[in-house]
Amino acid sequence: MPLLRNREMDSWDRLQAEGFEIVPPQQVDNLNFPEVHIGFLNMMPDRAFRATERQFLRLLATGADKCLIHIHPFAVSGQNRNTEARRYIDRFYDSFPDVQSVGLDGLVLTGANPGESDIRAEDFWPEFEEVIFWADESVPTVMCSCLASHAVIDLFHGIHRIRCAPDKRWGVYSHHIVKSDHPLVAGMASSFDTPRSHVFEMTATQLASAGIEVLAFSQDANFDIAVSSDGFKWIFLQGHPEYDAVSLLKEFHREVARFTNGERPDYPQYPLNYLNDEAKQRLGRYRSDLLEALDNSVELPRFPESEILPSIANTWRDNGKILYRNWIRLIIRNVMANKNHHSFRESA
């Protein structure tokens, strides 16, 4: 399924090298595909911004039958960006008013790193809240990731996220489908893995009080996929099916760097259910070498990412593809039926 290369984002060349079809605007007239417009609000911090862009575009590219997807990326104000990230956003991302004028068929809201215990105290909240209210009125269906799920549920239902115990939900967790007849999970394995990385969460019990339906659940990590009471308008994810195999390893490396720089007092634990014994042994040697180097004020050892990565199996990508395929199929059905945005709930 092709994506339209309507701007020169970093992701295009990378995705083309992986075998995805990315078409320039001059080839659009030769395609006889339905066209779908998807908004993409990227709220991730600078260090993960472009990787997040690529991960979500990959899922969109692999997730559906033949159609031409127009991607409309944008960011919100209130997030502290370095000069390079700001320049990239200014060159290749739309403004929120630009996106509002498009007439989207669907919208993806990424997560963001929480800085406050009260989600409404975040610096980005004022414009993010505006996006949510606009999407509720103007976009047929919205896929929410992690913090975005918590924000929407908090805003519309007054349900507040809770702190994970004892500290953070971090690793790869097993989930199972609890409502197999819902079209969003059609074709998914009854049991599947999804990465998690969040310090706040919501529970299935909280969601039930708001009429939100859970589609997939983990005994160890609570709900993974849920939908608003109409079934499609709002899709809530707590996991990260978009993650690359290396994503949690890079996050572990960042936490090690924070320890090295004195930003956290303890050496981080490994993400659960993610590393095999050989990888843990290699990282154990790295930890010993690092602590010794710190004690002796000598050059720090290199983090062994390239040695660890081949041992990490991406056990979650296939089900992520199926989820997005199902979502885009429902969007295409809506587009082809010439339904307006306000009638989507009845047509889904």
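Which whole number in µm²/s is D for the chain by Stokes-Einstein, with the Kirkwood Rh taken over Cα pairs at 4 °C and 1.567 mPa s? So the translational diffusion coefficient is about 61 µm²/s. Taking a sphere under 12 Å around the Cβ of residue 240 and counting the other residues whose Cβ falls inside, with K and R at +1 and D and E at -1, yields a net charge of -2. Hey, quick one: spin label on residue 23, modelled 7 Å out along Cα-Cβ, who in region 46-72 has an amide N within reach, i.e. under 19 Å? From region 46-72, the list is 57-72.
The label point for residue 313 and the one for residue 199, both projected 7 Å from the Cα toward the Cβ, are 3.3 nm apart.
In terms of distances greater than 20 angstrom between alpha carbons, the cross-link table entries 66/233; 179/233; 168/233; 168/250; 280/321 yield 66/233; 168/233; 280/321. Once the convex hull of all Cα atoms in region 211-348 is built, its volume per residue stands at 157 Å³. Here the Gaussian network model covers the chain, with springs between Cα atoms less than 10 Å apart; of 249, 104, 290, 290 fluctuates the most. Add +1 for every Lys or Arg and -1 for every Asp or Glu among the other residues with Cβ under 13 Å from the Cβ of residue 119, and state the total. That works out to -4.
Electrostatic bookkeeping for residue 30 treats Lys and Arg as +1 and Asp and Glu as -1; over the other residues with beta carbon under 15 Å from its beta carbon, the sum is -1. Gap in Å between the Cα centre of region 285-342 and the Cα centre of region 1-15? Distance between centres, Cα-based: 19 Å.
Full extension of the chain segment joining residue 10 with residue 297 gains 99.5 nm, where the gain is 0.36 nm per residue of separation less the Cα-Cα distance. Note on region 247-311: Cα Rg divided by 2.2 N^0.38 Å, N the number of residues, gives 1.08. Computed extension length for residue 134-residue 270: 45.0 nm, one decimal, from 0.36 nm per residue of separation with the Cα-Cα distance subtracted.
Every number in this text was worked out from the coordinates using simple rules, so none of it is lab data. Here the structure is a predicted model, which is why all the values come from computation and not from measurement. Using ideal geometry, Cβ is built from the backbone for each residue, glycine included, and neighbour counts are taken over all protein chains shown.
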